[in-house]
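These notes are about the structure you will find just below.
Just so it is clear, none of the values below were taken in a lab; they were calculated from the coordinates. Computed from a predicted model, the values in this text were never measured in an experiment. Neighbour counts are summed over all protein chains in view; Cβ atoms, including those assigned to glycine, are modelled from backbone coordinates with ideal geometry.
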Amino acid sequence: MTTAQGKVCLVGAGPGDPDLLTLRGQQLLKQADVVFYDYLVNPLALRHVDSAAELVCLGSHTQGRMLEQVEINAEVIAAAQAGKQVVRLKGGDPAVFGRVAEEIAALEQVGIAYEVVPGVTTALAASSHAGIPLTHRDVASSVALVTGQECRGKQGPALDLENLARFPGTLVFYMGVTTAPVWSTELIAHGKPGATPVAVVRHCSRPSQQTYVTSLQELPRLLEREKIRPPAIIIVGDVVHARAAVNEFTSRPLFGQTVLVTRAAHQSAGLMLRLSALGAAALAQPAIETGPPASLAPLDAALHALAGYDWLVFSSANGVHFFFQRLRQLGYDLRQLGTCRLATMGPATTAALADYHLHPDVQPAAYRAEALAAELVAAAAGKRVLLLRASRGREVLADTLSAAGIAVEQVVTYASRDVEQAAAEIRAALVAGEIDWITVTSSAIARSLVRMFGQQLTQARLAAISPLTAGVLAEAGYPPAVTADEYTTTGLVQAVVEARGG
Ligand code: SAH
């Protein structure tokens with residue numbers, strides 16, 4: 001008996017901006033059993049990967065040593081031979097200085113199926129993110145992608161710099177930072193004018209992007225003076241003069257800001273992507289995690305008897321998803337809700353209901369328990385109300401409804417727990433002052449963050465989603481720098497943008 005073999009997909013992740021992944025790349029990441037990714041790949045690209053899949057980071061400095069190409073090939077092949085769908089996620093385009101041919105040869109040798117998915121190579125993101133077009137009707141009708149790596153040999157550069165000096169177009173050097181003194185001097189020696197404009201784009205399309213403009217003869221001095229380290233591409237040619245006057249990417253309102261997202265892991269991607277689209281570097285450190293309640297019996301009893309309630313009240317998007325997941329597990333469908341009326345706490349909960357084609361009868365104008373209670377006291381007088389809630393949370397809704405003589409039952413749909421430990425690298429970044437903002441999207445998260453970071457919270461600015469959350473922070477001694485006017489993640493992002501003067 002032979003087991004079915006897996007397939008290896010060599011996928012380009014693009015230059016860093018997580019939105020520059022192709023649709024095919026996204027689809028393959030979703031289907032993958034294991035993903036081997038280069039450490040330079042933006043972790044946000046990995047949000048497409050199934051939570052059950054295995055993630056293997058290659059070539060991280062923190063791993064102590066870089067894996068050799070043969071070791072990578074062996075690991076990739078072993079995974080595919082074990083029947084797994086493997087994605088090999090590479091920065092930029094897999095075939096531009098990405099060793100794609102070597103990896104394919106290794107796969108063909110052992111007869112493993114493969115697919116290559118292109119990515120946006122770094123040089124192409126120079127136009128979108130650094131405002132530098134690689135070609136221009138008036139000054140450059142061709143482009144050469146060049147590796148500076150070939151200048152390392154003891155016998156002098158293997159690159160044909162004599163011909164490159166005569167190349168009638170734009171030269172883009174990859175891996176060329178450390179070897180720039182060699183190749184720039186050679187280009188000039190072979191006749192390329194020393195005054196040729198040069199742009200160095202470091203961390204292209206990332207929130208840490210920096211662009212330096214100089215001339216070919218000044219390039220080595222610039223690199224040394226500014227202590228420029230890889231990864232950077234170096235663009236040589238008159239197109240550098242055609243640079244856009246205003247850089248759209250670096251003018252984004254949160255460009256250069258590092259923002260920590262602290263929601264439960266499965267909920268953080270949406271907020272991180274919005275921050276990232278505004279130019280920020282979004283990091284994740286979940287402060288809470290959610291899971292099924294300690295006992296499902298009360299929820300199950302309520303689900304069997306839903307017809308006995310007039311109103312179902314959802315206090316969070318999580319509550320909605322856990323509720324309907326359990327409804328389905330019990331073999332019911334939406335008809336079990338009968339004519340129950342529905343209420344939500346705010347737009348996120350309402351959006352979660354929309355996933356099930358449901359629309360709430362009540363969503364309060366202000367997104368807080370007091371406002372919802374006031375509306376329900378009027379709307380649900382004399383009715384039977386079921387509150388679907390987290391294992392912890394405020395009692396104000398139940399108390400207010402009971403006090404108004406409404407028959408209220410509460411059922412826990414999911415458990416919310418504190419995450420005990422922060423990731424070492426996140427704590428280190430915070431202590432080093434590398435995190436500008438921490439988003440605090442609920443009172444439970446606020447309390448957990450205080451426990452997790454304590455005094456270290458003063459190293460960043462806190463952004464609270466509502467006055468209630470702000471109050472929890474202030475009471476603990478860490479008043480937030482901003483509080484959202486609208487109590488949603490959109491309102492929160494808006495508050496951070498306004499604080500930046502955006
Ligand atoms: N396959 C990749 C290139 C890999 S070679 C691609 O298509 O882009 C590695 C080199 O790529 C780095 O030395 C650097 O020159 C360049 N590079 C990769 N990511 C970069 C980035 N975000 N900004 C600037 N240069 C980058």
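Values for this structure:
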quantity	calculated
Between region 214-246 and region 73-113, the Cα center-to-center distance that results, in Å	34
Contour minus Cα-Cα distance for Ala301 and Glu71 (0.36 nm per residue)	77.4 nm
Under 19 Å from the Cα of Lys90 - lysines, other chains or at least 8 residues apart	Lys7, Lys30
Helix-only [θ]222 nm of the chain, DSSP H runs n ≥ 4, -39500 (n - 2.57) each, per residue, nearest 500	-9000 deg cm²/dmol
Inter-centroid distance (Cα atoms) of region 455-471 relative to region 117-148, Å	42
Ranking of Lys90, Lys84, Lys227 by count of other Cβ atoms within 10 Å, fewest first	Lys227, Lys84, Lys90
Kirkwood estimate for the chain, i.e. one over the average of 1/r between Cα atoms, Å	26.1
Simple Cβ-charge dipole of region 7-119, Lys/Arg +1 and Asp/Glu -1, about Cα centre, in debye nearest 20	160
Chain lengthening between Ala381 and Asp485 when straightened (0.36 nm per residue, less Cα-Cα)	34.4 nm
Volume per residue of the C-alpha convex hull in region 316-443, rounded to whole Å³	142
Acute angle (nearest 10 degrees) that the helix 317-329 long axis makes with the longest principal axis of the chain, alpha-carbon atoms	80
Residues Cys57, Cys204, sorted so that the one with the fewest Cβ neighbours within 10 Å comes first	Cys57, Cys204
Summed side-chain charge close to Trp311 - residues other than Trp311 whose Cβ falls under 13 Å, Lys, Arg +1, Asp, Glu -1	-1
Full-extension gain in nm, Glu224 to Ala245, via 0.36 nm per residue minus C-alpha separation	4.9 nm
DSSP bridge pairs, the chain: antiparallel proportion in percent, nearest 5	25
Distance in nm between pseudo-label sites at Cys57 and Ala374 (7 Å out along the Cβ direction from Cα)	4.8
Of every Cα-Cα pair in region 407-453, the percent that sits beyond 18 Å	44
Ranked Leu164, Leu492, Leu473, criterion: other C-beta atoms within 10 Å, fewest first	Leu164, Leu473, Leu492
Estimated dipole of region 291-418 in Debye, rounded to 20 [Cβ of Lys and Arg +1, of Asp and Glu -1, Cα centre]	160
Pair-distance profile P(r), taking every C-alpha pair of region 1-118, with 10 angstrom steps and integer %	14, 50, 32, 4, 0
The chain, dipole about Cα centre (Lys/Arg Cβ +1, Asp/Glu Cβ -1), debye to the nearest 20	280
Cβ-derived FRET efficiency at R0 35 Å, Glu162 paired with Ala105, nearest 0.05	0.65
In order through region 129-145: 3J(HN,Hα) via Karplus (6.51 cos²θ - 1.76 cosθ + 1.60), integer Hz, x for Gly, Pro	9, 10, x, 10, x, 7, 10, 7, 2, 8, 10, 8, 9, 8, 9, 10, 9
Amide hydrogen neighbours beyond the local backbone of Ala32, cut-off 5 Å, H modeled	Asp50
Inter-part distance where region 381-438 and region 305-340 are each reduced to a Cα centre, Å	19
Rel. contact order, % - alpha carbon contacts under 8 angstrom, at least six apart, region 291-418	32
The chain: angle of helix 100-109 to the longest principal axis, Cα-based, in degrees nearest 10	80
C-alpha long axis of helix 268-277 to longest principal axis of the chain, angle in °	50
Karplus-derived 3J(HN,Hα), 6.51/-1.76/1.60, for each residue of region 167-181, Hz, glycine and proline x	4, x, x, 7, 9, 10, 8, 9, 6, x, 5, 6, 9, 4, x
